[in-house]
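Here's a structure for you.
The values are calculated or read from the model by the stated rules, or taken from the named source; none is laboratory data. Being a predicted model, the structure only gives us computed values, none of them experimental. Because the Cβ atoms are built from the backbone with ideal geometry, glycine has one as well, and the counts that use them run over all protein chains shown. We work out accessible area using only protein heavy atoms, side chains counted, and drop any ligands, DNA or RNA first. Shrake-Rupley method; radii C 1.70, N 1.55, O 1.52, S 1.80 Å.
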Amino acid sequence: MTELSEAEVARSLVARILNGEAAAETEMVQRYNRGLVFMLNHRARNHALAEDLAQETWRIVIEKVRGGDLKDPSKLAAFIVQTGKNQLLMIYRGSHHKKTTTEVDTAQSLDPASQPQLIIERYNTALIVRKLVDEMKTPRDRELILRFYIKEEEKQQICQDLGLNELHFNRVLFRARQRFKQLWNEYVEAGADP
């Protein structure tokens, strides 16, 4: 028995949800929730916020899928991730319009505007990272670091654009990370405060 591709699984889940199958909704959440929470936690650096945002993301995703709003069912995973990113962005922009009373308290306590020092530190760190990436000698290293880590482009697209297979991509990215790490360490050792 051959295993279904991710695109086939996604299309099947969406079709079953459109047919009113509640078990398919549960299966979708079980299949993708771990990755969603991981991504949100990585970006928000707050596990409780990541869990809350995941819940709101699932509410929106299920509503959209039920309504037939997903144009390409094979891209279900990307749709879920983008919806989660949008929820986090709304929190940080302070424009999360659908707040309950308890969500208002949570959002206000997690609003970066209430923590200006944290905003400044993150901004300064981002500036340093950009500066160091620009100083990397190999153009391909710069491109890989920017596209994969900063712009968060899909690995497959970068491989296609640069004519790399997955194994070669991993090797090149590893070397680029090592070179960036060396620049970072030199920057820190020079007495700068990251």
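Take residue 125 and tell me if it is among the polar types (S, T, N, Q) and under 21 Å from the mean Cα position of the chain (by Cα).
So residue 125 fits the description; yes.
Each row is one residue, and each column tells you yes or no for (1) modelled with pLDDT of 80 or more; (2) within 23 Å of residue 44 (Cβ to Cβ).
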position	(1), (2)
98	no, yes
113	no, yes
119	no, yes
143	yes, no
148	yes, yes
161	yes, no
175	yes, no
181	yes, no
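Which residues, taken from segment 20-53, are of a type in the set (Gly, Ala, Ser) and either open to solvent by less than 60 Å² (accessible area, probe 1.4 Å) or assigned to a helix (DSSP H, G or I) (or both)?
Listed by number, the residues that qualify are 22, 23, 24, 35, 44, 48, 50.
Collect the residues in segment 153-175 that are open to solvent by less than 70 Å² (accessible area, probe 1.4 Å) and of a type in the set (Asp, Glu), keeping them in residue-number order.
153
In addition: State yes or no: is residue 39 within 13 Å of residue 79 (Cα to Cα), in contact (Cβ under 8 Å) with a residue 12 or more places away in the chain and touching a helix residue (DSSP H, G or I) at 6+ places or on another chain (Cβ under 7 Å)?
Against the criterion (within 13 Å of residue 79 (Cα to Cα), in contact (Cβ under 8 Å) with a residue 12 or more places away in the chain and touching a helix residue (DSSP H, G or I) at 6+ places or on another chain (Cβ under 7 Å)), residue 39 does not qualify.
Another question, then. What number goes with the only condition from (1) loosely packed, with under 15 Cβ neighbours inside 10 Å; (2) at pLDDT below 90; (3) not aromatic (Phe, Trp, Tyr) that residue 88 does not pass?
(1)
Checking residue 4 against (1) modelled with pLDDT of 90 or more; (2) in contact with a helix residue (DSSP H, G or I) (Cβ under 8 Å, 6 or more places away or on another chain), which test does it fail?
(1)
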